[in-house]
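Undergrad: Quick one: the structure is below, questions incoming.
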Amino acid sequence: MGSSASRELPQFKGRPGWEFTDISGLDLAAYRPVSADQDTATAPEPLFAPQGANELAPGVVVTRIADAPAELIERYLGSVVTADDVFTTLNDSAEYRSGWLVYVPPGTVLEQPISLQTVQPASGTMLHQRTLIVLDQGAQAEVWEQYLSAQADLDGVVNVITELVVGDGARLRYVCGQSLSERSWIFGAQRAELARDACLDWVALGFGSARGRVRMETRLGGPGAAARVTGAYASRGRQHIDFDTTQEHAAPSTTSDLAFRGVLGGRSTAVWKGNIIVDPGAQKTDAFQESRNLLLSQRAHADAIPGLEIQANDVRCTHAAAVAQVDPEQLFYLRSHGLGEDVAKRLVIEGFLAALMERFEPGPVRERLGDALEHRLALVLGSS
């Protein structure tokens with residue numbers, strides 16, 4: 001259940017990790033927990049459309065977390081994320097949790113992606129959401145998950161815990177996106193544990209919500225493990241986006257590569273705080289992180305804060321961060337060639353995001369992510 005301190009609401013600038021996100025306006029008592037009979041809502045528009053049915057090989061388990069096999073829950077649930085603040089404590093102790101369990105047995109290779117969707121059903125509710133994805137030794141799978149709101153103006157709280165367990169030699173691509181109502185709160189504790197020679201390709205899209213904070217932590221616990229983490233967010237109005245990422249290298253000869261890019265309009269704000277941790281003995285670590293933000297208005301604001309904690313001497317760790325307004329010289333050049341202001345600005349933004357999209361091979365993944373970004377950018381530009 002956690003200590004009494006872990007049940008207290010974090011104070012703005014009073015607890016490490018919360019220096020940039022003020023949640024003093026959140027009254028948790030005003031939101032009732034979502035129950036099992038409410039967990040049937042449908043969303044008006046998905047963030048990305050499912051790519052076919054979930055075609056499952058023998059032994060593969062995809063089920064609601066409430067209906068998951070007891071032996072898998074006992075073995076894996078809570079093995080990656082532990083209750084350490086008010087939100088994880090509430091999720092850990094909730095009578096009912098929405099969400100999913102995905103288990104892929106040893107050596108199984110799934111040819112088609114698995115699509116998961118969770119919908120916040122009504123205003124005035126708090127949705128405790130739990131996702132547990134386990135790939136056993138040598139397994140390969142691609143999982144797409146999205147969090148949505150049943151109504152565009154829904155005022156609710158989404159409280160997420162995600163646990164990714166990637167076994168020896170397993171390969172997981174996990175795409176997680178949220179397009180919640182821009183009146184909602186989101187809080188997330190998402191963590192991946194990689195074993196020997198495991199590979200993780202993790203994509204995060206943050207488009208909705210009014211305010212909140214999401215932690216994304218990757219622990220490379222086995223020699224030869226590799227992780228690539230890609231994040232994109234696009235905000236407008238008075239939205240506030242907060243991502244806190246960690247790449248922990250706990251074994252030798254591991255590799256991580258993280259890149260986040262944000263586009264901010266209106267008076268929206270964003271913060272990305274990243275940390276590369278190299279544990280003692282994790283020699284031959286190769287780690288990189290970057291965050292770049294493009295501001296579409298004078299009132300938009302972004303903070304990008306990289307960090308390094310290195311306790312080994314044979315490593316290569318680098319980082320980069322940048323926040324900039326749309327370049328007026330680029331706009332002038334495009335407009336001087338006959339393009340209207342809106343089209344010119346759109347081309348500048350697309351160029352800014354192109355490096356992010358090139359992290360994915362040509363094909364369905366790049367196309368689906370590109371479609372999601374294009375739709376969101378249309379909304380941001382339309383309100384800027």
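Undergrad: Filter the stretch 266-283 for residues that are within 30 Å of D327 (Cα to Cα) and crowded, with 24+ Cβ neighbours inside 10 Å and give the result.
TA: Passing the criteria: S268, A270, W272, G274.
Undergrad: Could you grab me the full set of residues in the stretch 83-98 that are of a type in the set (G, A, S) and touching an Asp or Glu at 6+ places or on another chain (Cβ under 9 Å)?
TA: Taking the stretch 83-98 first, the residues of a type in the set (G, A, S) are 83, 93-94, 98.
Once the filter is applied, which keeps residues that are of a type in the set (G, A, S) and touching an Asp or Glu at 6+ places or on another chain (Cβ under 9 Å), the stretch 83-98 yields A83, S98.
Undergrad: Would a scan of the stretch 132-141 turn up a residue that is farther than 22 Å from G169 by Cα and of a type outside the set (D, E)? It would help to see each step written out before you state the result.
TA: Step one: of the stretch 132-141, the residues farther than 22 Å from G169 by Cα are none.
No - not one qualifying residue is present in the stretch 132-141.
Undergrad: In the stretch 59-96, how many residues are buried (at least 19 other Cβ atoms within 10 Å of the Cβ) and of a type in the set (D, E)?
TA: 2
Undergrad: Please determine, by comparing only the residues of the stretch 221-243 that are part of a strand (DSSP E or B) and in contact (Cβ under 8 Å) with a residue 40 or more places away in the chain, which one is surrounded by the most Cβ atoms within 10 Å (Cβ to Cβ).
TA: Checked the stretch 221-243; the qualifying residue surrounded by the most Cβ atoms within 10 Å (Cβ to Cβ) is A234.
Undergrad: I want to confirm something. Restricting to the stretch 336-384 and keeping residues that are assigned to a loop (DSSP other than H, G, I, E, B) and either of a type in the set (A, V, I, L, M) or closer than 16 Å to V175 by Cβ (or both), which single residue is farthest from the chain's Cα centre (by Cα)? Walk me through how you get there before you give the answer.
TA: At the first step, the residues of the stretch 336-384 found to be assigned to a loop (DSSP other than H, G, I, E, B) are 337-340, 358-363, 384.
Subsequent filtering for residues that are either of a type in the set (A, V, I, L, M) or closer than 16 Å to V175 by Cβ (or both) retains 339, 359-361, 363.
Values: L339: 35, R359: 16, F360: 17, E361: 20, G363: 22 Å.
Among residues in the stretch 336-384 that are assigned to a loop (DSSP other than H, G, I, E, B) and either of a type in the set (A, V, I, L, M) or closer than 16 Å to V175 by Cβ (or both), the one farthest from the chain's Cα centre (by Cα) is L339.
Undergrad: Oh, and also: Taking into account only those residues within the stretch 195-209 that are assigned to a strand (DSSP E or B) and of a type in the set (A, V, I, L, M, F, W, C), which is farthest from G17 (Cα to Cα)?
TA: C199
Undergrad: Step by step: first the residues of the stretch 286-298, then only those that are without any contact (Cβ under 8 Å) to a residue 40 or more places away in the chain and within 16 Å of T245 (Cβ to Cβ), then the one that is surrounded by the fewest Cβ atoms within 10 Å (Cβ to Cβ). Which residue is that?
TA: That would be F288.
Undergrad: Among the listed residues R316, R366, identify the single one that is free of Cβ contacts under 8 Å to residues at least 24 places away in the same chain and touching a Phe, Trp or Tyr at 6+ places or on another chain (Cβ under 9 Å). Don't jump to the end; show me each part of the working.
TA: Numbers: R316 fails: free of Cβ contacts under 8 Å to residues at least 24 places away in the same chain.
None of the others qualify; the one that does is R366.
Undergrad: Another question about this same structure. Does G222 meet the test of being over 30 Å from N313 (Cα atoms), out of contact with any helix residue (DSSP H, G or I) (no Cβ under 9 Å at 6 or more places or on another chain) and of a type outside the set (D, E)?
TA: no
Undergrad: I'd like to know if the stretch 131-144 contains one or more residues that are under 19 Å from I241 (Cβ atoms), hydrophobic (A, V, I, L, M, F, W, C) and in a strand (DSSP E or B).
TA: no
Yes/no per residue for (1) among the small types (G, A, S); (2) surrounded by fewer than 17 Cβ atoms within 10 Å (Cβ to Cβ):
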residue: Y333; (1), (2): no, yes
residue: G340; (1), (2): yes, yes
residue: F360; (1), (2): no, no
residue: E367; (1), (2): no, yes
residue: G370; (1), (2): yes, yes
residue: R376; (1), (2): no, no
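Undergrad: Quick one: which strands (runs of 3 or more DSSP E) lie wholly within the stretch 58-127 and hold at least 2 residues that are touching a helix residue (DSSP H, G or I) at 6+ places or on another chain (Cβ under 8 Å)?
TA: The qualifying strands (runs of 3 or more DSSP E) are 98-104.
Undergrad: Looking only at the stretch 182-209, which residues are within 13 Å of the chain's Cα centre (by Cα), surrounded by 23 or more Cβ atoms within 10 Å (Cβ to Cβ) and either over 26 Å from L377 (Cα atoms) or free of Cβ contacts under 8 Å to residues at least 24 places away in the same chain (or both)?
TA: Passing the criteria: A189, A192.
Undergrad: Only one residue in T108, T125 is within 29 Å of D155 (Cβ to Cβ) and touching a residue at least 40 places away in the same chain (Cβ under 8 Å), so which one is that? Write out each step before concluding.
TA: Values: T108 fails: within 29 Å of D155 (Cβ to Cβ).
None of the other options fit; the residue is T125.
Undergrad: Could you run through the stretch 148-159 and say how many residues are under 20 Å from the mean Cα position of the chain (by Cα) and free of Cβ contacts under 8 Å to residues at least 60 places away in the same chain?
TA: 1
Undergrad: Taking only pairs six or more apart or across chains, which ones have beta-carbon atoms under 6 Å, a first residue in the stretch 168-181 that is assigned to a strand (DSSP E or B), and a second residue that is of a type in the set (D, E)?
TA: Taking only residues 6 or more apart or on different chains, the pairs are R173/E142; R173/D201; C176/E145.
Undergrad: Can you pull out every residue in the stretch 302-335 that is part of a helix (DSSP H, G or I) and out of contact with any Asp or Glu (no Cβ under 8 Å at 6 or more places or on another chain)?
TA: P328, E329, Q330, F332, Y333, L334
Undergrad: Quick one: count up the residues across the stretch 1-29 that are loosely packed, with under 11 Cβ neighbours inside 10 Å and modelled with pLDDT of 75 or more.
TA: Number satisfying all stated conditions: 4.
Undergrad: In this structure, is G212 on the phi > 0 side of the Ramachandran plot, touching a residue at least 12 places away in the same chain (Cβ under 8 Å) and assigned to a strand (DSSP E or B)?
TA: yes
Undergrad: Quick check on the stretch 306-325. Is at least one of its residues modelled with pLDDT under 95, charged (D, E, K, R) and surrounded by 12 or more Cβ atoms within 10 Å (Cβ to Cβ)?
TA: Among the residues of the stretch 306-325, not one is modelled with pLDDT under 95, charged (D, E, K, R) and surrounded by 12 or more Cβ atoms within 10 Å (Cβ to Cβ), which makes the answer no.
The values are calculated or read from the model by the stated rules, or taken from the named source; none is laboratory data. The shown structure was predicted, so the numbers you read here are calculated from the model rather than taken from an experiment. Cβ: placed from backbone, ideal geometry, glycine included. Neighbour counts: every protein chain shown.
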